[in-house]
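Trainee: Sharing a structure, written as structure tokens. Questions coming.
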Amino acid sequence: MGDDFPDTAIWQYAQQHNLTIVSKDADFSDRIMLTEPPPRVIQLRIGNMRMRDLFAFLHRVWPQIIIHSANHKLTIVRESLIECIA
């Protein structure tokens, strides 16, 4: 199968192993509203960044993301805001 896994396979694997999906793909945040029980999803809506800038950004906000993700099934991360959905 190589490095490419369909969204469904990623979703099911995360469900089965109690993992959190971190993605820039909106498909996961859309799917979370329709599936019970969902895995947790962290969606990054931060646009394109150089790897160095992405690493610095995530290093700065990751503690907040972890706290929100522990209490919500969907955490949406923007450059200036972290939103949570039940």
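The values are calculated or read from the model by the stated rules, or taken from the named source; none is laboratory data. These numbers come from a predicted model, not from an experiment. Positions of Cβ are backbone-derived with ideal geometry, glycine not excepted, and every protein chain shown enters the neighbour counts.
Trainee: Among the residues of region 1-46, count how many are more than 11 Å from the chain's Cα centre (by Cα), surrounded by 11 or more Cβ atoms within 10 Å (Cβ to Cβ), among the polar types (S, T, N, Q) and under 19 Å from HIS72 (Cβ atoms). Can you show your working first?
Mentor: Looking only at region 1-46, we keep the residues that are more than 11 Å from the chain's Cα centre (by Cα), and these are 1-18, 30-31, 33-38, 46.
In the following step, the residues that additionally are surrounded by 11 or more Cβ atoms within 10 Å (Cβ to Cβ) were identified as 5, 7, 9-15, 30-31, 33, 35, 38, 46.
Those still in the list that are among the polar types (S, T, N, Q) too: 12, 15, 35.
Then drop every residue that is not under 19 Å from HIS72 (Cβ atoms), which leaves 15, 35.
Residues in region 1-46 being more than 11 Å from the chain's Cα centre (by Cα), surrounded by 11 or more Cβ atoms within 10 Å (Cβ to Cβ), among the polar types (S, T, N, Q) and under 19 Å from HIS72 (Cβ atoms): 2 in total.
Trainee: Then there is this: For the structure I just gave you, tell me whether ALA70 is over 19 Å from ALA9 (Cβ atoms) and loosely packed, with under 11 Cβ neighbours inside 10 Å. Step through it out loud before you land on a result.
Mentor: Details: over 19 Å from ALA9 (Cβ atoms): yes; loosely packed, with under 11 Cβ neighbours inside 10 Å: yes.
Yes, satisfied.
Trainee: Could I ask something else about it? Which residues, counting only those in region 27-42, are within 14 Å of ILE10 (Cα to Cα) and not β-branched (Val, Ile, Thr)?
Mentor: The answer is ASP27, PHE28, SER29, ARG31, PRO38, PRO39, ARG40.
Trainee: Could you check, for region 65-74, whether at least one of its residues is within 14 Å of the chain's Cα centre (by Cα) and assigned to a loop (DSSP other than H, G, I, E, B)? Explain how you work it out, then say what you get.
Mentor: Narrowing region 65-74 to residues within 14 Å of the chain's Cα centre (by Cα): 65-74.
Next, from what is left, pick out any that are assigned to a loop (DSSP other than H, G, I, E, B): 72-73.
Looking for residues that are within 14 Å of the chain's Cα centre (by Cα) and assigned to a loop (DSSP other than H, G, I, E, B), one finds at least one in region 65-74, hence yes.
Trainee: Within region 62-75, is even one residue without any contact (Cβ under 8 Å) to a residue 40 or more places away in the chain, among the hydroxyl-bearing types (Ser, Thr, Tyr) and out of contact with any helix residue (DSSP H, G or I) (no Cβ under 8 Å at 6 or more places or on another chain)?
Mentor: Of region 62-75, the ones without any contact (Cβ under 8 Å) to a residue 40 or more places away in the chain are 62-68, 70-72, 75.
Remaining after also requiring among the hydroxyl-bearing types (Ser, Thr, Tyr): 75.
Imposing the further condition that a residue be out of contact with any helix residue (DSSP H, G or I) (no Cβ under 8 Å at 6 or more places or on another chain) reduces the set to none.
So far as region 62-75 goes, no, none of its residues is without any contact (Cβ under 8 Å) to a residue 40 or more places away in the chain, among the hydroxyl-bearing types (Ser, Thr, Tyr) and out of contact with any helix residue (DSSP H, G or I) (no Cβ under 8 Å at 6 or more places or on another chain).
Trainee: Which one is modelled with the lowest pLDDT, of the residues in region 1-55 that are touching a strand residue (DSSP E or B) at 6+ places or on another chain (Cβ under 7 Å) and part of a loop (DSSP other than H, G, I, E, B)?
Mentor: ILE32
Trainee: Does at least one position in region 54-66 carry a residue that is of a type in the set (D, E, K, R) and either surrounded by 12 or more Cβ atoms within 10 Å (Cβ to Cβ) or under 21 Å from ALA86 (Cα atoms) (or both)? Give the derivation first.
Mentor: So in region 54-66, the residues of a type in the set (D, E, K, R) come out as 60.
So of that shortlist, the ones also either surrounded by 12 or more Cβ atoms within 10 Å (Cβ to Cβ) or under 21 Å from ALA86 (Cα atoms) (or both) come out as none.
Within region 54-66 (the criterion being of a type in the set (D, E, K, R) and either surrounded by 12 or more Cβ atoms within 10 Å (Cβ to Cβ) or under 21 Å from ALA86 (Cα atoms) (or both)), the answer is no, since none of the residues qualifies.
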